[in-house]
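**Student:** Sharing a structure with you now.
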Amino acid sequence: MGLLRLCWLLLGALAAGSAQLYFEKVRSVTLDICNSSAIIPCIVTNLILRRTNVTFVKWKLQGSEFFAYDGVVDKVTRNITFQSANLLDLSLLPQGTASLVLSREEALPGNYTCDVAESNREGDTIVELIRVSAPWFKPTEISFIIATMVVAVVLYFSQSAVVAMKFDMTLSKKIGLIFAGLIIIFLAVIGIVLFLPEGYSSSQRTGLALIVVPAFILVPLLYFLFTSVFEKQPLFAIILVALKAIGYIIAVAGFALCVLACPPKQGSVMIAGLAIIDIVAAIGLIYLIVIGGSSLKDHQPPRKAVEESLNDAKGVMLQ
Ligand SMILES: *[C@@H]1O[C@H](CO)[C@@H](O)[C@H](O)[C@H]1NC(C)=O
Ligand SMILES: *[C@@H]1O[C@H](CO)[C@@H](O)[C@H](O)[C@H]1NC(C)=O
């Protein structure tokens with residue numbers, strides 16, 4: 001009659017087991033780069049009274065208590081180093097949800113103990129918080145993004161130098177070209193400083209924006225350089241400017257995908273756009289060198305036209 005005895009024992013345990021609270025078993029939760037906060041789950045499955053004013057919750061990390069909620073007086077106490085700690089939703093506590101929310105910064109890895117008491121019944125459960133530090137971009141991608149910007153700026157200054165040497169250009173136009181280049185460098189350097197630290201915070205995203213978005217200036221600048229060379233733009237120059245604009249649009253679309261989705265999967269789209277910008281710039285540089293070297297006379301516009309375009313340019317600069 002061993003079986004019957006076991007049944008009686010089990011029934012007895014269930015009846016008397018009213019002293020014990022049970023939990024949904026969650027062994028661990030993972031905090032990755034995309035979590036702005038950590039939710040550590042703790043759900044009691046056998047509450048009976050279901051009233052906040054008889055419920056107590058305690059949270060411990062590695063055995064030491066840092067958060068407590070006393071339902072009798074409706075009061076929270078927390079350790080100074082866990083100022084963000086809070087119950088996920090106090091209104092869900094009567095249903096058994098005693099899950100904890102922590103800010104990303106305060107969510108230290110380790111074993112968290114959730115201790116719940118309802119009147120004289122009590123129980124606890126342990127959940128391990130694991131932090132994984134998968135970076136937003138791989139180091140190769142970061143190197144590539146920075147390299148494309150450096151190359152874009154170098155090519156821009158090379159193009160400007162070629163045009164300045166081979167074709168007539170006023171001092172104010174030269175200063176304007178240098179100034180535009182310096183703005184791009186300035187914004188990109190700030191962007192890189194913000195972007196480099198590991199993470200996915202708003203400062204990293206702002207940094208990436210400062211690297212990618214100002215590259216737009218390079219599109220009208222390329223057109224501007226061509227207007228100093230040609231009185232009437234040849235089709236090839238127009239195609240180059242258009243391709244550069246397309247490269248820019250792809251880069252910005254890729255940037256938007258990177259910033260909106262986490263984990264970002266479209267880093268390659270942005271990098272492809274930046275690469276197109278560089279390739280077009282390189283072709284543009286070769287084109288300018290060829291035009292400036294071989295067939296200068298054929299292409300150089302009449303003096304009057306040059307002056308007109310210079311005056312236009314000055315007007316543009318002064319605005
Ligand atoms: C982090 O976010 C993921 C996806 O939203 C979620 O499944 C996971 O529980 C979160 N981790 C923590 C610790 O809150
Ligand atoms: C948490 O507890 C588990 C199981 O006891 C153990 O394997 C793990 O190493 C602990 N983690 C930490 C950070 O102490």
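**Student:** In deg cm²/dmol, rounded to 500, what helix-only [θ] at 222 nm does the chain give when every DSSP H run of at least 4 residues adds -39500 (n - 2.57) and the total is split over its residues?
**Tutor:** -17500 deg cm²/dmol
**Student:** Quick check on segment 20-131: of the DSSP beta bridges with both residues there, what percent are antiparallel, nearest 5%? Can you show the working numbers first?
**Tutor:** Values: 34 of 39 bridges.
Counting DSSP beta bridges with both partners in segment 20-131, the antiparallel share is about 85 percent.
**Student:** A further question follows. Tell me the angle of helix 202-212 to the major Cα principal axis of the chain, expressed in degrees between 0 and 90 and rounded to the nearest ten.
**Tutor:** The helix 202-212 is inclined about 20 degrees to the chain.
**Student:** Counting DSSP beta bridges with both partners in the chain, what percentage is antiparallel, nearest 5?
**Tutor:** Antiparallel: roughly 85 percent of the beta bridges in the chain.
**Student:** On the protein heavy atoms, probe 1.4 angstrom, tell me the percent of accessible surface of segment 139-306 carried by carbon and sulfur. Display every interim value, and only then the final one.
**Tutor:** On the way: 6270 of 8030 Å².
Within segment 139-306, the accessible surface is 78 percent carbon and sulfur.
**Student:** Next up: Accessible area per residue, 1.4 Å probe, Å², for the chain: what's the number?
**Tutor:** Values: 16960 Å² over 319 residues.
Roughly 53 Å² per residue, with all protein chains present.
**Student:** Now a separate question. Limiting things to C-alpha atoms, what are the Rg and the maximum Cα-Cα separation (Dmax) for the chain, in angstroms?
**Tutor:** Radius of gyration, then largest Cα-Cα span, for the chain: 32.6, 116 Å.
**Student:** To the nearest 10 degrees, how steep is helix 267-293 against the longest Cα principal axis of the chain, on a 0 to 90 scale?
**Tutor:** 10 degrees
The values are calculated or read from the model by the stated rules, or taken from the named source; none is laboratory data. All values reported here derive from a predicted model rather than from experimental measurement. Please note that ligands, DNA and RNA were not included when accessible areas were found on the heavy atoms of the full protein model with its side chains. Shrake-Rupley method; radii C 1.70, N 1.55, O 1.52, S 1.80 Å.
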